[in-house]
Amino acid sequence: MPLLEAREIHSGYGGMEVLHGVSVTLAAGELVTIIGPNGAGKSTLLKTMFGLLTPTQGTVSLGEEDITGAPPHRIVRHGMCYVPQVDNVFPSLTVEENLQMGAFILRGGIEARLARVYELFPVLKDRRRQRVGKMSGGERQMVAMGRALMLDPQVLLLDEPTAALAPNLVEQVFQSIQAIVGSGVGVLMVEQNARQSLAIADRGYVLVDGRNRREGSGQELLADEEIGRLFLGG
Amino acid sequence: MWERIPQLIVYGLVSGSVITLGAVGLSLTYSILRFSNFAHGDLMTSGAYLGLGFLVLFSPLLPGRFGPLSFGPALIPAVLCAMAANAALAIGIDRLVYRHLRRAKAVLLLMASVGVAFVLRNLILFSAEADPLYFSHHIQRALRIGGVRVKADQLFILGVAVLAVLFLHVLLRYTKTGKAMRAMADNPELAQVSGINTERVVAWTWAVGAALAALGGILSGIENKLVTPELGWQTLLPLFAAVILGGIGSPYGAMLGGMTIGLAEEVSTAFISTAYKPAVAFGILVLMLLVRPQGLLGRR
Amino acid sequence: MDVLVGILNYLLFFSITAGVYAVLALGLNVQWGYTGLFNIGVAGFYAVGAYTSALVSGPPPGALDWRVFGGWGLPFPMGFAAAGVVAALVALLIGWITIRLKEDYLAIATIGIAEVLRLIIKNEAWLTNGVWGLKNIPSPWFQPVQSGVTAFLAARPQLPGWLVSLLKGAYSWVYLGLLAAVILALYFLVERALRSPWGRVLRAIREDEVAAAAQGKNVAAFKLQAFVLGSAIMGLAGSLYAHYARYLSVEKFEPLYGTFIVWVMLVAGGAGNNKGAILGAFLIWGLWAGTDFLTGYLPLSDVRASALRVVLIGVLLVGILLVRPRGILGEEKFVSRLFKG
């Protein structure tokens, strides 16, 4: 039984439906990537799973729990955290304060968690008193992921973690994601860098026009001709 | 003309202290709730009247005066109760009015705050009438320091303002609630995503802003000996001038702005009619909007 | 009969005051309703218009006046026009400084300018006669109307008393007619402006400033034009007030009467809708007058009674914002009409 499961999700903004019945699953400790053209509904899917949007049909379950339509602050308590694509840090707060905000719902005892995040991202430890607003895009992304890891979640949702990053930083962020998965967290991410993300993913989904188009292991999808033509540039 | 200036600087620092206490709260609510609260001045008035009410209540229990000051031990519980009551008032107004407009455009909140300002001012007028009420009739002897007259009350007021700004700094920098306030000022959506109970942070913001406003209102009452329902309206322009001058969201900025406006208003009276004090604040505000709208200490 | 005449005269007086407010509300509608500009210094532009008109068309300073300036006794239309022009100039100055900044800053700046103008009126006695106020401002065509009535009555001494007292107040009917003509003219002017390409740009700016700018519109210029036009109309309202009241003093331009009530009127009637602005003016002024009547029965001091009325009207404003932010009439939908066409 999967840890996280979205079944036949219909969702969108206002009256406009973007997702017309999308299903995805994620097992514990798995790295799954969702690729697809712009406007396919990838980000909408993550937002719906995290309770920022309410699905008109379909269910989302996390472990034993039905979390369909639950507000984000409740979902967080069930062990799923989310990193938005943009504006995913508090720029005028320091690195450490950003991480503390990630653990806001806990009463004390966050030192061990801080240590764990610093272990994953040693760069952040050296800069923990620095304001995040002054840091580079790659470092900000680490802060954002670190913030989401502070609650020690079972599942992490990442919305295009490498968007707008320079190529060398993309590599760095993907390494961090692999480290997160290595520590036992299941990661479901939406990605534009289809080739690189499939290369590190256990499984992948291809979303087109708000519907599941393909799914398979990362390697399978990488080898697929149609996908190669559509998304991988040849 | 020039020989009056040292004395005017003393007055300026005192009125700057009162403006600072209002301005830090205004700046705090602005940065977290994202609208200019035009009722903030009237929260100072309500605080001053609450303070006076509690002072009348506690005076028979705690009579006497502190040395050279115009007030005695009764002021301490009176101030604390007034701050708490004013905080409750602000949270109540938020629940009744602003909470329902959280997702509305900022201008609607602005307009609602104008409505709240008139309601609050006239509720005070209704309960206390228009005539001034007196904090004290005690005539204080001023100390002479190098030709400048300074009353003990004035030193006290300045000290309280500095302590309040330090308190706010510590709150924002080192407490969990304060950090959450700054986080919300930065990025309310992310604060929600992180699991921060944003409504509770909003309530704390109102509480701190209104408590400091009450303190400012009471200190103004101590300095002037009296309070009228017009206090908040008369302070509104200096408050905004101070916040814009200092840069929104920074307590030290609000203090810098508050002191500058206080000093400018008082020192200006050496050169132009006292009647135009509010115009001086407005002039600085306009100048600031022209030259550096983000404020002296503002970022961006 | 005398009671009826009294009621009629009261209604007349009521309508003239409400009519002046309707002009103010139309001006505010151009700023807030059309363009989304937040002006909470309406009283300032209103006062500028009133004093300008009184100085241009009023009598020279009297022997007991502190004033040494103005009172050129020019015909009313010149004072009226000057009121609009000077209010527009003040708006141009303020708008030029603040229109590019956030809406909050415009709001603060308009409060500030209204307050500074109030201080000037209060303290610059050489110009405004200060707290003693401007007296004997002439009402347009008062003399011819009044002498006509007097001659008419002298020729018919046997008329019943109630008709005599009704005729003695005939001038107010003339003024109401003048006011109605001005309101109608302004209504058609701003309606036309609203439906013109210019008005469409204003609404686009109100809905989404960034999108309007992206279409190559000079957002700041359009906003400034709307601000200046709205303020000029407020200036005209000031002139209409001055020449009916015939006496100006600073209390008449305090934020409550000069700004706050106008806002309640526009919001109640329906921002963005000119009929709503006029309806709101009459409705809210009726409510205001009605509460005066009601609080008269309560054992309250004048201060308390008037404070209670403001509380009620403030609660009304907040209530409308929470429950029915579109006001009574709401904004007219132009698009649907086009498509039905």
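The values are calculated or read from the model by the stated rules, or taken from the named source; none is laboratory data. Keep in mind that what you see is a predicted model, and the values were worked out from it rather than measured. Virtual Cβ from ideal backbone geometry, glycine too; neighbours counted across all protein chains shown. Each accessible area value is taken on the protein alone, full model and side chains, heavy atoms only, with ligands, DNA and RNA left out. Shrake-Rupley method; radii C 1.70, N 1.55, O 1.52, S 1.80 Å.
Being open to solvent by less than 10 Å² (accessible area, probe 1.4 Å), β-branched (Val, Ile, Thr) and touching a residue at least 40 places away in the same chain (Cβ under 8 Å) is a property that residue B:24 has.
Taken over the stretch B:273-296, the criterion of being surrounded by fewer than 22 Cβ atoms within 10 Å (Cβ to Cβ), within 13 Å of another protein chain (Cβ to nearest Cβ) and either among the hydroxyl-bearing types (Ser, Thr, Tyr) or not in a helix (DSSP H, G or I) (or both) is satisfied by B:273, B:274, B:276, B:292, B:293, B:294.
State yes or no: is residue B:270 out of contact with any Gly (no Cβ under 8 Å at 6 or more places or on another chain) and more than 12 Å from chain C (Cβ to nearest Cβ)? Yes, satisfied. A residue that is modelled with pLDDT of 90 or more, open to solvent by less than 10 Å² (accessible area, probe 1.4 Å) and closer than 28 Å to residue A:214 by Cβ occurs nowhere in the stretch A:132-140. Exactly one residue out of B:121, B:103, B:95 is under 16 Å from residue C:322 (Cβ atoms), within 14 Å of another protein chain (Cβ to nearest Cβ) and assigned to a helix (DSSP H, G or I), and it is B:95. Do you know which of the residues in the stretch C:271-319 that are in contact (Cβ under 8 Å) with a residue 24 or more places away in the chain, surrounded by fewer than 20 Cβ atoms within 10 Å (Cβ to Cβ) and among the hydrophobic types (A, V, I, L, M, F, W, C) is nearest to the other protein chains (Cβ to nearest Cβ)? By that ranking, first place goes to C:316. If you go through the stretch B:36-92 and pick out every residue that is out of contact with any helix residue (DSSP H, G or I) (no Cβ under 9 Å at 6 or more places or on another chain) and charged (D, E, K, R), you end up with 1.
Taken over the stretch C:54-89, the residue count meeting the criterion of being part of a helix (DSSP H, G or I) and open to solvent by 30 Å² or more (accessible area, probe 1.4 Å) is 7.
Look at the stretch B:44-92 and say how many of its residues are part of a helix (DSSP H, G or I) and of a type in the set (Ser, Thr, Tyr). Total satisfying the criteria: 3. For the stretch B:194-210, give me the residue count where each residue is open to solvent by less than 10 Å² (accessible area, probe 1.4 Å) and either touching a Ser or Thr at 6+ places or on another chain (Cβ under 6 Å) or among the β-branched types (Val, Ile, Thr) (or both). The qualifying residues number 5. Taking the criterion of being hydroxyl-bearing (Ser, Thr, Tyr), at pLDDT below 90 and more than 30 Å from residue B:238 (Cα to Cα), would at least one residue in the stretch C:153-175 satisfy it? Yes. Per the listing B:112, B:87, B:104, B:82, the residue uniquely modelled with pLDDT under 90, out of contact with any Asp or Glu (no Cβ under 7 Å at 6 or more places or on another chain), open to solvent by less than 50 Å² (accessible area, probe 1.4 Å) and under 30 Å from residue B:34 (Cα atoms) is B:104. Scanning the stretch C:96-121 for residues that are open to solvent by 40 Å² or more (accessible area, probe 1.4 Å), outside any helix (DSSP H, G or I) and in contact (Cβ under 8 Å) with a residue 24 or more places away in the chain yields a count of 1. Checked against the criterion of being of a type in the set (Ser, Thr, Tyr) and either without any contact (Cβ under 8 Å) to a residue 24 or more places away in the chain or open to solvent by 40 Å² or more (accessible area, probe 1.4 Å) (or both), the stretch A:164-176 has no qualifying residue.
Scanning the stretch A:201-219 for residues that are free of Cβ contacts under 8 Å to residues at least 24 places away in the same chain, open to solvent by less than 50 Å² (accessible area, probe 1.4 Å) and touching a strand residue (DSSP E or B) at 6+ places or on another chain (Cβ under 6 Å) turns up just one, A:217. Among the residues of the stretch B:156-177, just one is buried (at least 19 other Cβ atoms within 10 Å of the Cβ) and over 16 Å from residue B:23 (Cβ atoms), namely B:156. Selection of the stretch C:26-38 for residues being touching a Phe, Trp or Tyr at 6+ places or on another chain (Cβ under 9 Å) and either of a type in the set (S, T, N, Q) or more than 14 Å from chain B (Cβ to nearest Cβ) (or both) yields C:26, C:27, C:30, C:31, C:35. Taking the stretch C:140-160 as the range and being open to solvent by less than 60 Å² (accessible area, probe 1.4 Å) and either among the β-branched types (Val, Ile, Thr) or under 18 Å from residue C:10 (Cα atoms) (or both) as the test, the residues that pass are C:145, C:149. Contact map, the stretch A:74-92: first residue more than 21 Å from residue A:164 (Cβ to Cβ), second residue basic (Lys, Arg), Cβ cut-off under 9 Å, separation 6 or more or different chains; pairs are A:81/A:147. If I ask for residues that are within 14 Å of another protein chain (Cβ to nearest Cβ) and more than 20 Å from residue B:202 (Cβ to Cβ), which ones from the stretch B:24-50 would you list? Within the stretch B:24-50, B:41, B:45, B:49 meet the criteria. For the stretch C:208-221, taking the residues that are touching a residue at least 12 places away in the same chain (Cβ under 8 Å) and assigned to a helix (DSSP H, G or I), the one that is surrounded by the fewest Cβ atoms within 10 Å (Cβ to Cβ) is identified as C:220. Out of all the residues in the stretch C:222-237, is one or more open to solvent by less than 70 Å² (accessible area, probe 1.4 Å) and within 14 Å of another protein chain (Cβ to nearest Cβ)? Yes, there is a match, as at least one residue in the stretch C:222-237 is open to solvent by less than 70 Å² (accessible area, probe 1.4 Å) and within 14 Å of another protein chain (Cβ to nearest Cβ).
Given the criteria open to solvent by 80 Å² or more (accessible area, probe 1.4 Å) and either assigned to a loop (DSSP other than H, G, I, E, B) or free of Cβ contacts under 8 Å to residues at least 24 places away in the same chain (or both), does residue A:195 qualify? In short, no.
Going through (1) within 14 Å of chain B (Cβ to nearest Cβ); (2) buried (at least 16 other Cβ atoms within 10 Å of the Cβ) one by one, residue A:19 falls short only on (1). Taken over the stretch C:21-45, the criterion of being open to solvent by 10 Å² or more (accessible area, probe 1.4 Å) and in a helix (DSSP H, G or I) is satisfied by C:21, C:32. Please verify whether residue C:93 is more than 23 Å from residue C:207 (Cα to Cα), within 14 Å of chain B (Cβ to nearest Cβ) and open to solvent by 40 Å² or more (accessible area, probe 1.4 Å), treating the condition exactly as stated. Spelling it out, residue C:93 is indeed more than 23 Å from residue C:207 (Cα to Cα), within 14 Å of chain B (Cβ to nearest Cβ) and open to solvent by 40 Å² or more (accessible area, probe 1.4 Å).
Screening residue A:65 with (1) in contact with a Gly (Cβ under 8 Å, 6 or more places away or on another chain); (2) over 27 Å from residue A:209 (Cβ atoms) gives one miss only, at (1).
Of the strands (runs of 3 or more DSSP E) lying entirely inside the stretch A:8-76, those containing at least 3 residues that are on the phi < 0 side of the Ramachandran plot and β-branched (Val, Ile, Thr) are A:16-26, A:31-35.
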